[in-house]
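Only the coordinates and a few stated rules stand behind these numbers; no lab work does. Small disclaimer: the values here were computed from a predicted structure and weren't measured. Counting neighbours? That spans all protein chains shown, and the Cβs are built from the backbone with ideal geometry, glycine included.
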């Protein structure tokens, strides 16, 4: 297997109860340092796919190789795998009972066995980077939506993941706060972070994506560079979708 | 100064003056009796009062035979009426006292070998005493009899010595018999002193010549002061005498220990059960161990919540623990711990369920396993969310421990009831117990609200 491939998905299926076929045979490869953006109409399975990658959603069948390990294998310790796959949620999901600093240090301290000092130093560096150094001792409820999402991103980064999964990171934000979050994501992309992003921000997809996947009815209906997909979509489904969102 | 302020001051002054005046009047309301009485009336009253006292057959004979003549009525300064009387009565004391040894040396056993009860002796002595009274001489004595005016009616101040005089030495006789522990018999011409084998003899004798009357000087103060005095006397009787307050303190200590230990057990059980049930509900892959634990938890909840606590504690103690010789306290702690565990479990489960699933997902996505996520992320939030409900449960538990009374555990409730049984006064001990429970509940609620506010501040 190519060392450069960080995630390889083979024939992934997911059936929910009541036989909705949310994922219907997905095959995809993500290379190290690549930014992959997933777009598609709601209910097309893009979020399910993203959540399948770290088994928050358990696929019915198929294989997911993460750094060469099939995480669908029951013998694999998924918790260890997840430490290397950061995730950012639509609803931020910060821990409301902890300060920002605690939010960011708890996982490195408990899981990577870092000392308090190490973890806090790293957290402060990351906060500095996203311009929130002065909010380290605040509680999540004291932050705006954009600030919360930036904290959520650096919380994931504090674990030094190899890949970051973004599940509609800007959908729950007020429009004026979308920019600040996207800026952080762009910085990350430029630094060479491997990112898989489910989003409705076509501007971001155009500007930053190395590859865009268009999902429809649990399948990858079309994929290509942003230029190919946005300027010249091949399928009717993609054309309809893009005409609505652009 | 504004008009309103002046009015307020005037009203306050009037109320204050009124209160002081009322207090002075109520205390000063002593002096001469307001009712007057002439000699025939006084004679009728005093004879009636004393006749109403006697109940046993020998005393009835005395009171039939005696007569009281009033020679003068005078009025004292404490609302008292003093009747100077001449009493003619049967001198039972001088007749019976030489024969006391004979009474006390009665056979203490029945023909069948059983010991006689006080009642047996009373029946045995009564006829004999009646005979003696009928043959006794009359004596005449002068005595001052006091009546006190309380709420407009005259009440006899039946001091021991007066009753004794009127009944020809009956009170003195009873006193003497009660004190006797030996009797003297003449055996072979020699006087031998022997111990009385059972005090049923004394009791039996005394119950022949016993009267019920209050030998205390009546309280002639105003009703409000009298109520206060009664309350004080009641308080003294229930808490000061015989150091009865210690019973309450010990009971309180037991209740507190019982509540705290039950609480700890309840929280531990509650969290474990809630954890098992939530895990069962949340996970899709369920091992056999989880399924069995979930079944056990459900069974436990159904039984505990579906049966009354009284039944539970009686079964736990009388059926399970008493035969094994386990202490009542431990039985009660286990019972209340199990019981509150069931309620805590449901509260905690509600709390865990109320925490957004996103929190679990965020925890898991960072690499925490299920247990770590629960421990670091879900439980702290759930605990905070359910704190008011838990506090409520604890208050309920504190009150519920009074049920330990049913297995005879000496808790606060038991202490109150023990005092009630000893003093025959229900008001003071039971109301005190209620007040202590109330204070504890209020303090506990206050503490919890402080804790709650602190927790809430943390999040801001």
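Translational diffusion coefficient of the protein assembly as shown (Stokes-Einstein, Kirkwood radius from Cα pairs, 37 °C, 0.692 mPa s): 94 µm²/s. Averaged over peptide A:90-98, the number of partner chain Cβ atoms lying within 10 Å of each residue's Cβ comes to 6. The ranking of B:330, A:39, B:435 from fewest to most other beta carbons within 10 Å of each one's beta carbon is B:435, B:330, A:39. A convex hull fitted to the Cα coordinates of segment B:320-359 yields 69 cubic angstrom per residue. Debye-formula intensities of segment A:141-246, expressed as log10 I(q)/I(0) at q = 0.13, 0.17 Å⁻¹, are -0.52, -0.85 (one equal scatterer per alpha-carbon, no solvent). The distance separating the Cα centre of segment B:32-68 from that of segment B:382-460 comes to 54 Å.
Viscosity 0.890 mPa s, temperature 25 °C: what is the translational diffusion coefficient of segment B:100-217 from Stokes-Einstein with a Kirkwood Rh over Cα pairs, rounded to a whole number of µm²/s?
Working: Rh = 16.6 Å.
Estimated via Stokes-Einstein, D reaches 148 µm²/s.
How big is the Kirkwood radius of segment B:1-139, worked out from every pair of different alpha carbons and given in Å to one decimal? Provide the component values of the computation, followed by the final result.
On the way: mean 1/r = 0.0482 Å⁻¹.
Kirkwood radius, segment B:1-139: 20.8 Å.
What do you get for Rg/Rh of chain A when both radii come from the Cα atoms and Rh is the Kirkwood radius? Numbers along the way, then the final one.
Details: Rg = 18.0 Å, Rh = 18.6 Å.
That ratio is 0.97, to two decimals.
Translational diffusion coefficient of chain B (Stokes-Einstein, Kirkwood radius from Cα pairs, 37 °C, 0.692 mPa s): 110 µm²/s.
Run lengths n ≥ 4 of DSSP H only: what is the helix-derived mean residue ellipticity at 222 nm for chain B, with -39500 (n - 2.57) per run over all residues, to the nearest 500? Please report the intermediate quantities before stating the final value.
Details: 19 runs with 287 residues, N = 460.
Rounded to the nearest 500, it is -20500 deg cm²/dmol.
Ranked by how many other Cβ atoms sit within 10 Å of their own Cβ, fewest first, the residues A:88, B:443, B:73 fall in the order B:443, B:73, A:88.
Run the helix sum for chain A: -39,500 (n - 2.57) per DSSP H stretch of 4+ residues, divided by residue count, reported at 222 nm to the nearest 500 deg cm²/dmol.
Working: 8 runs with 86 residues, N = 246.
Estimated from H runs of four or more residues: -10500 deg cm²/dmol.
Counting neighbouring Cβ atoms within 10 Å and putting the fewest first, the residues A:51, B:180 line up as B:180, A:51.
The Cα center of segment A:120-156 and the Cα center of segment B:191-249 differ in position by 78 Å.
Over the Cα atoms of segment B:245-459, Rg to Rh with Kirkwood Rh, two decimal places? For segment B:245-459, the value is 1.05.
Mean sequence separation of contacting Cα pairs (under 8 Å, at least six apart), scaled by the length of segment B:245-459, corresponds to a relative contact order of 30 percent.
So for chain B, averaging the separation of alpha carbon pairs under 8 Å that are six or more residues apart and normalising by length, what relative contact order in percent results? Could you put the intermediate results ahead of the total?
On the way: 573 pairs, mean separation 61.9, N = 460.
Once divided by the residue count of chain B, the mean separation gives 13 percent.
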